[in-house]
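What follows is a single structure, written as structure tokens, with notes after it.
The values are calculated or read from the model by the stated rules, or taken from the named source; none is laboratory data. Worth saying up front: this structure is predicted, and the values here are computed from it rather than measured. When we count neighbours, we look across all protein chains shown, and the Cβ atoms used for this are built from the backbone with ideal geometry, even at glycine.
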Amino acid sequence: MAANTTQPTDADVDAFLDAATPARRREDGRRLAEIMRDVTGVDPVMWGPSMVGFGSYRYISPSDPRRRDDWPKVAFSPRKAQLSLYGLKDLPEGAALLPQLGTYTEGAGCVYVKKLDEVDLDVLRKLVEIAWSREDDPEP
């Protein structure tokens, strides 16, 4: 069984966000960190080299129940082309609220947003709150 390479690190979140390109990603990354910090009440932690995460929960792989990994409850990455948001659609309540977010696209495990100006920040806060309420996956 391969080990999960996305683990919390001691890397500096502010330095990571300051290095994001283009400038819009830096600005949106800082805003996202502030929103998520405000909703969760915790400081962000770097997960791997490119993910800013908040909190953690124990994830059990649906395809291999023997595989259990820690994963951030909510996270984001200010990638060059768009913001990748993690955890927002994992719970049924979040998936149901997601269509009200604004302009976004979906990947297998994340939501992609080009600009924070294109989403409803109140809905985003609610999605973060829902994701933050997540508990460890139940044992199979």
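Structural remarks
- Test: residue in the range 51-58 that is part of a loop (DSSP other than H, G, I, E, B) and more than 16 Å from VAL113 (Cα to Cα): yes
- Only residues that are in contact (Cβ under 8 Å) with a residue 12 or more places away in the chain and either of a type in the set (Gly, Ala, Ser) or touching a Cys at 6+ places or on another chain (Cβ under 9 Å) (or both) were counted in the range 57-75, giving 1.
- The lone criterion from (1) surrounded by 18 or more Cβ atoms within 10 Å (Cβ to Cβ); (2) modelled with pLDDT of 95 or more; (3) part of a loop (DSSP other than H, G, I, E, B) left unmet by ASP43 is number (1).
- Among the residues making up the range 1-19, those that are at pLDDT below 95, in contact with a strand residue (DSSP E or B) (Cβ under 7 Å, 6 or more places away or on another chain) and either within 18 Å of LYS114 (Cα to Cα) or of a type in the set (Val, Ile, Thr) (or both) are THR6, THR9.
- Residue match in the range 24-31 (condition: surrounded by 15 or more Cβ atoms within 10 Å (Cβ to Cβ) and assigned to a loop (DSSP other than H, G, I, E, B)): no
- The range 12-35 - residue that is of a type in the set (A, V, I, L, M) and touching a Gly at 6+ places or on another chain (Cβ under 9 Å) and, of those, farthest from GLY87 (Cα to Cα): ALA20
Rundown of residues vs (1) hydroxyl-bearing (Ser, Thr, Tyr); (2) at pLDDT below 95; (3) closer than 16 Å to PHE54 by Cα, yes/no style:
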| residue | (1), (2), (3) |
| --- | --- |
| ALA81 | no, yes, no |
| LEU91 | no, yes, no |
| LEU98 | no, no, no |
| TYR104 | yes, no, no |
| VAL113 | no, no, no |
| GLU118 | no, no, no |
| LEU121 | no, no, no |
| LEU124 | no, no, yes |
| PRO140 | no, yes, no |
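- Among the residues making up the range 81-124, those that are surrounded by fewer than 21 Cβ atoms within 10 Å (Cβ to Cβ), among the charged types (D, E, K, R), in a loop (DSSP other than H, G, I, E, B) and free of Cβ contacts under 8 Å to residues at least 60 places away in the same chain are ASP90, LYS114, ASP120.
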